[in-house]
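Read the structure below first, then the notes.
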Amino acid sequence: QAQLVESGGGLVQPGGSLRLSCAASGSIFSIYAMGWYRQAPGKQRELVAAITSGGSTNYANYANSVKGRFTISRDNTKNTTYLQMNSLKPEDTAVYYCNADLRPNLGYRSQYWGQGTQVTVSS
């Protein structure tokens, strides 16, 4: 079985930065994609950024609302993805969830979720 563990959330002032990390652990055969979603109070969960690997190249895509401010990256040797968030705005306040599309050594390819980490942007 596999699990995702997130870290790096917290309280930051508008214009500030935070870096989220998500490490996949367990008996993993392959990770096809990793990403970050967020859910603000009273709103649906939305995709923030995702990254897939094609050989030695990573491909990233972003929600329009975070383009130019957030950067997703991935360390395949550590099964870890990062979300660097700059120029944070109050509307970025949400619980951020890590997601991975992976196949464990024993089992089928499916979606895995982290427990969520709170990001609050406020003065």
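The values are calculated or read from the model by the stated rules, or taken from the named source; none is laboratory data. Because the structure is a prediction, the values reported are computed rather than measured. All Cβ positions, even for glycine, are placed from backbone atoms using ideal geometry, and neighbour counts span all protein chains on display. All accessible areas refer to the heavy atoms of the entire protein, side chains included, with ligands and DNA or RNA removed. Shrake-Rupley method; radii C 1.70, N 1.55, O 1.52, S 1.80 Å.
Output the residues belonging to the range 106-117 that are on the phi < 0 side of the Ramachandran plot and open to solvent by less than 30 Å² (accessible area, probe 1.4 Å).
Pass one, the range 106-117, residues on the phi < 0 side of the Ramachandran plot: 106, 108-115, 117.
Answer for the range 106-117, where residues must be on the phi < 0 side of the Ramachandran plot and open to solvent by less than 30 Å² (accessible area, probe 1.4 Å): Gly114, Thr117.
From the list Arg103, Arg19, which one is surrounded by fewer than 18 Cβ atoms within 10 Å (Cβ to Cβ) and modelled with pLDDT of 95 or more? Full working, then the answer.
Details: Arg103 fails: modelled with pLDDT of 95 or more.
Every option except Arg19 fails the conditions.
Only one of Thr120, Thr71, Thr81 is open to solvent by 60 Å² or more (accessible area, probe 1.4 Å), assigned to a strand (DSSP E or B), of a type in the set (Ser, Thr, Tyr) and modelled with pLDDT of 95 or more. Can you tell me which?
Every option except Thr71 fails the conditions.
Of all the residues that make up the range 44-56, how many are at pLDDT 95 or above and either more than 18 Å from Trp113 (Cα to Cα) or in contact with an Asp or Glu (Cβ under 6 Å, 6 or more places away or on another chain) (or both)?
So the answer is 0.
Checking the conditions here, which among Ser87, Ser65 is at pLDDT 95 or above, outside any strand (DSSP E or B) and either buried (at least 19 other Cβ atoms within 10 Å of the Cβ) or on the phi > 0 side of the Ramachandran plot (or both)?
Ser87
Quick one: what pairs do we get from the range 20-33, first residue under 19 Å from Ala50 (Cα atoms), second acidic (Asp, Glu) and in a strand (DSSP E or B), C-beta under 6 Å, 6+ apart or different chains?
Once the first residue is under 19 Å from Ala50 (Cα atoms) and sits in the range 20-33, its partners that are acidic (Asp, Glu) and in a strand (DSSP E or B) give Cys22/Glu6; Tyr32/Asp101; Ala33/Asp101.
Please enumerate the residues belonging to the range 46-59 that are loosely packed, with under 15 Cβ neighbours inside 10 Å, under 16 Å from Asp101 (Cβ atoms) and either within 16 Å of the chain's Cα centre (by Cα) or in contact (Cβ under 8 Å) with a residue 12 or more places away in the chain (or both). Please lay out each step first, then the result.
First pass over the range 46-59, keeping only residues loosely packed, with under 15 Cβ neighbours inside 10 Å: 46-47, 54-57, 59.
Still in the list and also under 16 Å from Asp101 (Cβ atoms): 47, 54, 59.
If the condition is that a residue be loosely packed, with under 15 Cβ neighbours inside 10 Å, under 16 Å from Asp101 (Cβ atoms) and either within 16 Å of the chain's Cα centre (by Cα) or in contact (Cβ under 8 Å) with a residue 12 or more places away in the chain (or both), then Leu47, Tyr59 are the ones that fit.
Considering each of Thr80, Thr52, Thr117 in turn, give the residue that is farther than 11 Å from Met34 by Cβ and polar (S, T, N, Q).
Answer to the check: Thr117.
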